[in-house]
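Take a look at the structure set out below.
The values are calculated or read from the model by the stated rules, or taken from the named source; none is laboratory data. Source: prediction; values computed, not measured. When we count neighbours, we look across all protein chains shown, and the Cβ atoms used for this are built from the backbone with ideal geometry, even at glycine.
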């Protein structure tokens, strides 16, 4: 089975809804009112409810899982650039940019709506998938 190599790319997409934001809050325990309370969020610097940044990071994780091979996260850095609002669609892209040896690759990661909302870099193991 092939493993991820320089130049490989993979995507994942998620429609962000209030139901998904609510479910993420329940699963993660992050009940920040910016994510859950319309009135509170309306009076915030964001002017309305926003999704958890880690919800977008989860879409990045899904894109990494779509790369060739059995992908195992080792590290990830993230720069949260813009808020994501209910009703938007997030598309994450993972692009392998460097072979680090020992089955490790460096991957540029982005998540976009109409603009880049999250950018970063991951290091993952890419091993042959078990059959």
| query | From 74, 64, 125, which residue is in contact (Cβ under 8 Å) with a residue 24 or more places away in the chain and assigned to a helix (DSSP H, G or I)? | reply | 64
| said: Would you confirm whether or not the range 93-110 contains a residue that is surrounded by 16 or more Cβ atoms within 10 Å (Cβ to Cβ) and over 18 Å from residue 6 (Cβ atoms)? | reply: no
| request: Look at residue 15 and say whether it is in contact (Cβ under 8 Å) with a residue 60 or more places away in the chain, surrounded by 15 or more Cβ atoms within 10 Å (Cβ to Cβ) and touching a strand residue (DSSP E or B) at 6+ places or on another chain (Cβ under 9 Å). | output: no
| query | Which of the following residues is touching a helix residue (DSSP H, G or I) at 6+ places or on another chain (Cβ under 9 Å) and at pLDDT 95 or above: 74, 67, 55, 100? | reply | 55
| Can you find a residue in the range 40-52 that is surrounded by 15 or more Cβ atoms within 10 Å (Cβ to Cβ), part of a helix (DSSP H, G or I) and either at pLDDT below 95 or at negative phi (or both)? | yes
| Are any of the residues in the range 1-19 on the phi < 0 side of the Ramachandran plot and assigned to a helix (DSSP H, G or I)? | yes
